[in-house]
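The values are calculated or read from the model by the stated rules, or taken from the named source; none is laboratory data. Not measured: the values here are computed from a predicted model. Here the Cβ positions follow ideal geometry from the backbone for every residue, glycine too, while neighbour counts run over all protein chains shown.
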Amino acid sequence: MNQELNAIYRDIIREHHQDPRNYGEVTTPTCVQEGFNPLCGDRVVLTLKLSPEKDRLEDLRFTGEGCSICLASTSIMSEEVRGQPVSKVRSAIQKFRDLMQGKEPPENFEGDIEALSGVRQFPVRIKCALLGWTTLQEALEKVKAV
Ligand code: ZN
């Protein structure tokens, strides 16, 4: 990857880190789920509001502390999945995992998610990027979302 692209990736991650989207807590959440990455000390707390049928993620907000990659990735995730059907949320989580594990090429993603693919150059940071996403998956399992 060339330096210019790296700079773009850094800018997007920095921007989300400084101004995280959907930061805070959902009032009357369906579920609260905490995730922790001991390798880096990242911690995120997701609050979710699901539709009564549990088939749509009506709202998602997060708080947390950690490195810029973790917080930026969780911010980008929240934009991606908020308001989506749970089936789409699940496939977005899987697709992002595949991106981080090198099974899905960055070209298959748009916008800020593609920027996160730069993290793959730093294997130790992949867990940072995945934390919000795996925590969301755990939350969906816990509430038996459909
Ligand atoms: Zn981290």
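The lone criterion from (1) under 15 Å from the mean Cα position of the chain (by Cα); (2) part of a helix (DSSP H, G or I); (3) in contact (Cβ under 8 Å) with a residue 40 or more places away in the chain left unmet by LEU48 is number (2). Scan the range 47-85 for residues that are crowded, with 19+ Cβ neighbours inside 10 Å and within 16 Å of the ligand (Cβ to nearest atom) and jot them down. Correct list: PHE62, GLY64, GLY66, ILE69, CYS70, LEU71, ALA72, SER73, THR74, SER75, ILE76, MET77. Residues that are assigned to a helix (DSSP H, G or I) and β-branched (Val, Ile, Thr) were ranked within the range 98-146; the one that is farthest from CYS40 (Cα to Cα) is ILE113. Taking first residues from the range 93-104 that are more than 13 Å from ILE126 (Cβ to Cβ) and partners that are at pLDDT below 95, the Cβ contacts under 8 Å between residues at least 6 apart in sequence or on separate chains come to LYS95/GLU104; LYS95/ASN108; LYS95/PHE109. Inclusion of GLU34 among residues that are within 17 Å of the chain's Cα centre (by Cα), part of a strand (DSSP E or B) and touching a residue at least 60 places away in the same chain (Cβ under 8 Å) is warranted. Does LYS54 satisfy the condition of being in contact (Cβ under 8 Å) with a residue 24 or more places away in the chain, outside any helix (DSSP H, G or I) and either farther than 19 Å from GLN137 by Cα or of a type in the set (Lys, Arg) (or both)? Here the answer is yes, as LYS54 does meet what is asked. Residues in the range 34-41 include none that are in contact with a Ser or Thr (Cβ under 7 Å, 6 or more places away or on another chain) and of a type in the set (A, V, I, L, M, F, W, C). Only a single item in (1) exposed (fewer than 13 other Cβ atoms within 10 Å of the Cβ); (2) touching a residue at least 12 places away in the same chain (Cβ under 8 Å) is not met by ILE113, and it is number (1).
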